Structure formats: structure tokens, C-alpha cells
């Protein structure tokens, strides 16, 4: 939406609308009001109804295919997410098929919505959509969902509950899913001005040093430690990623893909680990990086997920960037 709109802002707790941010990231889509805000409908049946409205009721039979032309024959005014994805699937099939297809990309807002204490309706909606896409594209197409790098490994609501959900596991374990897709924009550096900072003190000569960047693929921020707040980031006060008596720190390490991939998964309701694993079978599906990279800007590897776009409310430059173009990084 453009600036100055008066649409309801689910992240304000005001259902009557205070205006939505201008041209935000689609991954912010959520229930209204959103979890953590006054009057939220998260963890209620109303949240499930909103998810259902987002996906809509389109089916594979809601389209007419003639040659390479795909036409909508379903209910007029039906513009749900299912219509868009199934239209694309029909187009791909009409064009002769494709090697791979994504049923969705980076939707951590919807996939983390709950209709109960531990029920995630959008995850089931994606499974239903997956089955329909498979019916269109057949067994010769690899089908997956491209999760955001902050989403693929689980949902840990910051509400003090201690809940830990491997919420996408029903999708990752679905027999129709061929791969675990991840849009990988994880930080690979924590470089600052000069050499009076932690990474330079460890002996690394420059942000461009390949061994330095490679060491942070499975190390550094998001693996060994995290910053608890902005002040800690500024002062480089690093908090180790630990897991107390459970001794499974990989549950909280978004960079620890190997441990996530090779271990059984257990939800934790109220911080207490379930005695029954999720549906995920270790090493059962390959991981594909459906997106990978960083912006060509000074210190882009400090925060690869941000982008500069003046018209968007999501426009940011990486942590401690000088804001100039940098093709070398």
C-alpha cells in the first residue's frame, strides 16, 4: 500500500486502522490484530477464519486450460492465494512442465499464526495447496516451500511462554514435499569501522577475507551467539546461544542447518519438551537454498536480508554500513 493509506494496521492493535506501512515485505502478513498486540485473535478460531480467507477456496477445477491459455472459471471476486498459486501451476503445466515449483515464499507471518495453543492453520493450508499443485504438475516436478531463513527451523513466540514449535515440520514431512527450501540471508560478518572491534581483534584482516566469511557460515551470530538488543549490538555484548538442561542449542541456532537436518525434532509447550517427536524424519529431504546473497553495499554481509528502496517502509542499509555501493562484497 502507498503511504498515507488508512487501512487497518494489524501490528498496532487498532482494528479500525491507523494506516499500514508503505510497501512492506509480504512476509509481514498476519492475523488482525497480530500476536502480541491488544485484542489479538491469535490462538483463536477467528485466526483460522482469517487464514482461510487469505488462501481462498480456489481448486484445480476452478480453471479452464486451452493450449497455453489458462482462464478462471471459479467464483467471481475470488482473489485468494490459492487462486494465484494454482494459476501458476496450470501455466507451468500448459507450457510443458517445469523442473521445480514453489507453493510459497517467505511467509513467516501467516505460518506462525495459531488457532489454538499449538495449531498452525496456514501450515495445513499450504499442505492442502501442495496436494492440489501436485495433482496439476505430476510426479516429475520437484515441489517445495521457500521458507524465510528466520522461519524454516521453528516458531519461538517472544511472549515469555517458553513455547518452541517446529511448526513447519508437518509441511517438511509431507510426502508431497520434495525439498526444504530456505531463502538464505543469514549474517556472515560483524564488521565495524577501524580495527577496534571484536572480529578484528580475533585477527581477521578485512570483511572481504574469504576464510572469515566462510567461518561464519556455521559460526558467529546465529550460531555461537546473538545480540539481545540494539544496545548490545552497538557495544558488541554477545550472548551465547545455550539450552540449559535440554542441551540442544541447535534448536535456537538458525545457522545450525546440519543439526536441524540430522536430529529428531520435539516441540516444547511451555518450555517442556514433548515426549513424542514431530513428523520430521532426520535427513529425509534435501535442503535447497532458493535464494542466497547479500546487497552490493558497504558491509552487506553484516545484514544480508535488508535492502535499500526509498519507497518502502522496509528500506534499510546493513548494520554499521557506510551506505555506499560495494561490488566487492
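The values are calculated or read from the model by the stated rules, or taken from the named source; none is laboratory data. It should be emphasised that the depicted structure is a prediction, and the values quoted were computed from it without experimental measurement. Backbone-built Cβ (ideal geometry, glycine too); neighbour counts: all protein chains shown.
Considering every residue within region 268-281, establish whether at least one is modelled with pLDDT of 95 or more, closer than 24 Å to residue 24 by Cβ, touching a helix residue (DSSP H, G or I) at 6+ places or on another chain (Cβ under 7 Å) and surrounded by 13 or more Cβ atoms within 10 Å (Cβ to Cβ). Scanning region 268-281 turns up no residue that is modelled with pLDDT of 95 or more, closer than 24 Å to residue 24 by Cβ, touching a helix residue (DSSP H, G or I) at 6+ places or on another chain (Cβ under 7 Å) and surrounded by 13 or more Cβ atoms within 10 Å (Cβ to Cβ). In this structure, does residue 93 turn out to be under 30 Å from residue 154 (Cβ atoms) and buried (at least 17 other Cβ atoms within 10 Å of the Cβ)? When the stated conditions are applied, residue 93 does not pass them.
Pairing each residue of region 293-315 that is touching a residue at least 60 places away in the same chain (Cβ under 8 Å) with any residue that is outside any loop (DSSP other than H, G, I, E, B), provided the two are 6+ apart or on different chains, yields C-beta distances under 7 Å for 294/300; 294/301; 301/213; 309/315. Taking the criterion of being in a loop (DSSP other than H, G, I, E, B) and either modelled with pLDDT under 95 or under 16 Å from the mean Cα position of the chain (by Cα) (or both), the only residue of region 119-128 that qualifies is 120. Residue-level analysis places residue 288 among those that are within 19 Å of residue 174 (Cα to Cα) and in a strand (DSSP E or B). Listed by position, the helices (runs of 4 or more DSSP H) contained in region 30-115 that have at least 1 residues being more than 19 Å from the chain's Cα centre (by Cα) and closer than 17 Å to residue 128 by Cβ are 45-55, 81-94.
Would you call residue 325 surrounded by fewer than 16 Cβ atoms within 10 Å (Cβ to Cβ), more than 20 Å from residue 149 (Cα to Cα) and either modelled with pLDDT of 95 or more or touching a strand residue (DSSP E or B) at 6+ places or on another chain (Cβ under 7 Å) (or both)?
So residue 325 passes the test.
Number of residues in region 282-304 that are buried (at least 19 other Cβ atoms within 10 Å of the Cβ), out of contact with any helix residue (DSSP H, G or I) (no Cβ under 7 Å at 6 or more places or on another chain) and under 30 Å from residue 142 (Cα atoms): the value is 3.
The lone criterion from (1) touching a helix residue (DSSP H, G or I) at 6+ places or on another chain (Cβ under 9 Å); (2) closer than 23 Å to residue 290 by Cα left unmet by residue 72 is number (2).
Selection over region 296-315 of residues that are modelled with pLDDT under 95, under 22 Å from residue 216 (Cβ atoms) and part of a loop (DSSP other than H, G, I, E, B) gives a count of 0. For residue 172, the criteria (1) without any contact (Cβ under 8 Å) to a residue 24 or more places away in the chain; (2) buried (at least 22 other Cβ atoms within 10 Å of the Cβ) hold in every case but one, which is (1).
Inside region 4-29, residues that are part of a loop (DSSP other than H, G, I, E, B) and in contact (Cβ under 8 Å) with a residue 24 or more places away in the chain make up a count of 12.
Among the numbered conditions (1) in a loop (DSSP other than H, G, I, E, B); (2) in contact (Cβ under 8 Å) with a residue 24 or more places away in the chain, the only one that residue 275 does not meet is (2). Just one of the listed residues (76, 60) is in contact (Cβ under 8 Å) with a residue 12 or more places away in the chain, surrounded by fewer than 20 Cβ atoms within 10 Å (Cβ to Cβ) and more than 24 Å from residue 148 (Cβ to Cβ), namely 60.
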